[in-house]
Amino acid sequence: MESIIIKGGKTLKGTINISGSKNASLPLLASSILAGKLQLNNVPYLADITSMLDLLSSLGLKYKYIDKKNKNSIFLDSTDKVSSIAEYNLVRKMRASFLVLGPLLTRTGFAKVSLPGGCAIGLRPVDLHVYAMKTLGAEIELNDGYVIAKSKKGGLIGNKIKFPDISVGATENAIMAAVLARGETIIKNSAREPEVQDLCNCLVAMGAKIDGIGTSVITIQGVTDLKQVTHDIIPDRIEVCTFIIAAVITQSHLSIHKINTNHIKYFLKIIEEMGVNFKIEKNKIEVFKSGILKPVSLKTSAYPGFPTDIQAQIVTLACLSIGNSEIQENIFENRFMHIPELNRLGANISIEGNKALIKGKSSFVGAEVMATDLRASASLILAGLAAKGITKVNRVYHLDRGYEKIDQKLSACGAEIYRTKNERP
Ligand code: EPZ
């Protein structure tokens with residue numbers, strides 16, 4: 001297993017180019033099942049993307065990297081027969097694999113998809129996905145760890161889906177199922193994330209009829225087929241916010257390019273209130289050395305609220321503010337695993353239920369720490385950049401699931417950061 005070593009205390013300078021969104025890429029890759037052929041550009045080269053491509057290959061899809069070097073453009077072809085069985089050994093590696101359920105069901109009338117199981121941050125049930133498929137007329141059976149879904153003869157039938165809770169993945173599965181269903185589907189309490197919007201925009205380009213994109217009520221008129229398109233994936237807003245925090249935490253002047261500032265409005269509001277100096281232009285942000293940081297009080301929520309995927313990273317930043325901060329995690333039941341590791345680096349954070357209570361200002365001191373999940377690993381890297389001395393972050397395979405070349409991007413701006421292979425004991 002690999003670790004990342006950071007010698008903290010360096011200020012960064014220069015420009016960072018943001019990669020494409022992991023969480024937009026994954027549903028869009030699954031949507032290739034619907035269209036027959038699809039080209040996606042600006043796909044980040046990540047472990048989770050490779051996992052999804054492996055799953056699609058197991059279903060009979062073919063793909064090739066158009067740019068062999070960076071592997072950020074992919075051409076997918078599902079015109080040959082698509083198997084409809086998504087095996088456990090592939091689905092268990094990456095929960096978003098469950099996003100093939102809607103496309104398989106609506107295209108072939110049958111889908112057998114392994115239940116993804118939970119992960120470090122929570123149980124991650126799929127009841128809302130199953131509810132949406134049933135509402136579109138599918139018969140669902142849960143058997144030996146698989147969801148087995150069959151549509152009636154003639155395919156899925158448009159209907160009113162009223163989600164009791166907001167779910168990004170369930171919304172995406174419902175949309176992909178409904179675009180080829182017969183008749184009208186109205187999805188109420190739909191997720192509004194930019195990644196959901198990017199999926200809808202690509203489906204509309206393919207010929208789908210979708211209204212209400214970006215709102216909590218999406219209306220879909222089913223069509224009979226979709227055509228091949230080329231789609232440029234939106235920038236990764238979570239990566240943007242992570243690098244903005246990297247600039248602030250190292251008191252650096254950094255320029256972050258290839259972003260969409262409309263996707264991070266709430267985050268920018270929060271860091272402005274904390275006293276961060278920055279200037280935004282069309283698709284870039286300049287972060288300047290900030291003075292004393294004020295404490296923060298926030299609750300994570302569905303978009304356009306504060307993203308749960310930035311919670312771990314803002315906790316790290318809050319440690320360096322003067323005063324007491326309170327960060328409440330409302331989306332996942334176990335997303336504070338970075339906190340004991342941050343405390344080992346010198347933070348002073350306590351947990352009360354779903355609230356993290358952070359006493360600032362702490363000074364981070366380098367230590368050996370362990371990554372437990374994707375965004376927790378990012379929060380430890382950020383703390384290491386600010387820490388006095390050497391920080392060793394173990395199990396960085398978590399990091400590589402969601403950040404393309406993060407260590408290379410940071411070292412190119414002056415961070416002292418490198419990877420090591422740990423020999424098995
Ligand atoms: C997506 O996961 C993202 N992943 C997550 O990012 C992100 O944290 C999450 O949305 C929330 O924004 C991808 O897009 C690939 P949900 P998803 O369904 O779709 C509960 C990262 O770090 N729920 O919106 O799985 C669920 O347990 C990852 O990049 C049900 O109860 O999230 C959670 O508490 C982590 N039943 C809440 O809803 C269901 O059927 C939100 O989950 C589905 C979800």
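Tabulated data
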{"quantity": "Hits in the stretch 249-289 (condition: in a loop (DSSP other than H, G, I, E, B), touching a Lys or Arg at 6+ places or on another chain (Cβ under 8 Å) and of a type in the set (A, V, I, L, M))", "calculated": "ILE259"}
{"quantity": "The stretch 367-384: number of residues that are more than 10 Å from the ligand (Cβ to nearest atom) and open to solvent by 10 Å² or more (accessible area, probe 1.4 Å)", "calculated": "4"}
{"quantity": "Strands (runs of 3 or more DSSP E) fully within the stretch 132-208 counting 1 or more residues that are of a type in the set (S, T, N, Q), away from the ligand (no atom under 13 Å from the Cβ) and surrounded by 16 or more Cβ atoms within 10 Å (Cβ to Cβ)", "calculated": "184-188"}
{"quantity": "The stretch 302-328, residues that are more than 11 Å from the ligand (Cβ to nearest atom) and among the aliphatic types (A, V, I, L, M)", "calculated": "ILE314, VAL315, LEU317, ALA318, LEU320, ILE322, ILE327"}
{"quantity": "Candidate set: the stretch 72-120, residues that are of a type in the set (D, E, K, R), crowded, with 17+ Cβ neighbours inside 10 Å and within 30 Å of GLN408 (Cα to Cα); chosen: the one farthest from the ligand (Cβ to nearest atom)", "calculated": "LYS93"}
{"quantity": "Matching residues in the stretch 302-326 - criterion: being out of contact with any strand residue (DSSP E or B) (no Cβ under 9 Å at 6 or more places or on another chain), surrounded by fewer than 23 Cβ atoms within 10 Å (Cβ to Cβ) and of a type outside the set (A, V, I, L, M)", "calculated": "TYR303, PRO304"}
{"quantity": "Given (1) open to solvent by 70 Å² or more (accessible area, probe 1.4 Å); (2) closer than 30 Å to VAL179 by Cβ; (3) within 16 Å of the ligand (Cβ to nearest atom), index of the condition LYS299 fails", "calculated": "(2)"}
{"quantity": "Residue within the stretch 227-243 that is touching a Leu at 6+ places or on another chain (Cβ under 9 Å), of a type in the set (Asp, Glu) and touching a residue at least 60 places away in the same chain (Cβ under 8 Å) present", "calculated": "yes"}
{"quantity": "Count of the stretch 121-131 residues which are within 6 Å of the ligand (Cβ to nearest atom), in a helix (DSSP H, G or I) and out of contact with any Phe, Trp or Tyr (no Cβ under 9 Å at 6 or more places or on another chain)", "calculated": "1"}
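The values are calculated or read from the model by the stated rules, or taken from the named source; none is laboratory data. Because the structure is predicted, anything quoted here is derived from the model rather than measured. Quick reminder, even Gly has a Cβ in these numbers, built from the backbone with ideal geometry, and neighbours come from all protein chains shown. What goes into the accessible areas is simple: the full protein's heavy atoms, side chains included, and nothing from ligands, DNA or RNA. Shrake-Rupley method; radii C 1.70, N 1.55, O 1.52, S 1.80 Å.
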